[in-house]
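The values are calculated or read from the model by the stated rules, or taken from the named source; none is laboratory data. What you see is a predicted model, and the numbers here were worked out from it, not measured in a lab. Cβ placement follows ideal geometry from the backbone for every residue including glycine, while neighbour counts extend to all protein chains displayed.
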Amino acid sequence: MNGPVSMRRGGARCVRAARVAASLMATLAVACAQARPALPAMNSYVQPPFVPAGERGGGGLAALFVERLNEEVRPDRPLRLENLPRRRLEAALESREFAGVALFLAPEFLAAPAQQGGVWSVPVMVDENLLVSARPLQVASLDDLRGLRLGGIAGHVYRVLRPLLDAGHLGREDAVDHVANLKKLCLGRVDFVVISRSELAGTEPQVPCPQALRPIAFPQPQIILRRVLVRPMGGEGAQEVLEAVARVACSEAWTAALAGYGLSTAGCRRRDAPPPSSRR
């Protein structure tokens, strides 16, 4: 009479043991994934809207992008946001030891040595450099800027304006950041500044100005397609990250966040569209 009972008890113990083993394996897998160090996701735009003013309370476009990207990549390859100055970012990219991603860059503004070994993603943001003044500014050609004072950012290179600057036809007075630069503009110490549409949207609310700022496009619009530079992790994984970036770039959360600053991404309809029908 005890045989069947013993067998049932033994079977129950085996089931419990199997469940415990499965639970331990799952816990071990999670622990191993968490133990692998996160790869850096570098961002050198350390002002709004990419990073909140003073980096208080988290948030900003950079944190949102990395958060969404981590939802798309494998759990054992997490990314960690690192906000750092542009020179440190470029130095990191020029090192052959670096593995990770660099956010919101445009190939035309990054030195060739920093791009070596990396792969560019699809555009994640359509941006534009603007001329911003505190009084009406009519600019049919760059020659119309002769005799004016440019408010610049220390260390920034203004390639389009360089001929005027080098010839002494355009003055330049630098500030440490965009907030200080816009304040100087509002005080009349400079005649205009050059700033991207994204940075203007994030910075202007921090600068009380007695008159409305007047942004206009360059005579030849200076469109910036911001992308993500992906450096392969151990020689593999780049394609997976590139595909994840493309999904995030066209996600509802990201496009809504961009729209809040008057920005957009590019190519999402084309990338998300179903394959064409074979019917004629």
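Couple of notes before you dig in:
- Residue match in segment 175-183 (condition: free of Cβ contacts under 8 Å to residues at least 12 places away in the same chain and either assigned to a strand (DSSP E or B) or closer than 26 Å to L61 by Cα (or both)): yes
- Each residue in segment 201-258 was checked for being in a loop (DSSP other than H, G, I, E, B) and either in contact with a helix residue (DSSP H, G or I) (Cβ under 9 Å, 6 or more places away or on another chain) or within 23 Å of W120 (Cα to Cα) (or both), and 12 of them qualify.
- Of the residues making up segment 134-142, one or more are crowded, with 19+ Cβ neighbours inside 10 Å, touching a residue at least 12 places away in the same chain (Cβ under 8 Å) and outside the structural domain of E243 (by TED's automatic domain parsing).
- Segment 88-119: number of residues that are of a type in the set (F, W, Y) and either farther than 20 Å from A38 by Cβ or not in a loop (DSSP other than H, G, I, E, B) (or both): 2
- Restricting attention to segment 150-200, the residues being touching a helix residue (DSSP H, G or I) at 6+ places or on another chain (Cβ under 7 Å), more than 21 Å from I223 (Cβ to Cβ), of a type outside the set (A, V, I, L, M) and buried (at least 20 other Cβ atoms within 10 Å of the Cβ) number 1.
- Inside segment 239-258, residues that are of a type in the set (S, T, N, Q) and touching a residue at least 40 places away in the same chain (Cβ under 8 Å) make up a count of 1.
- Yes/no for F65 being modelled with pLDDT of 95 or more, in contact with a strand residue (DSSP E or B) (Cβ under 9 Å, 6 or more places away or on another chain) and not polar (S, T, N, Q): yes
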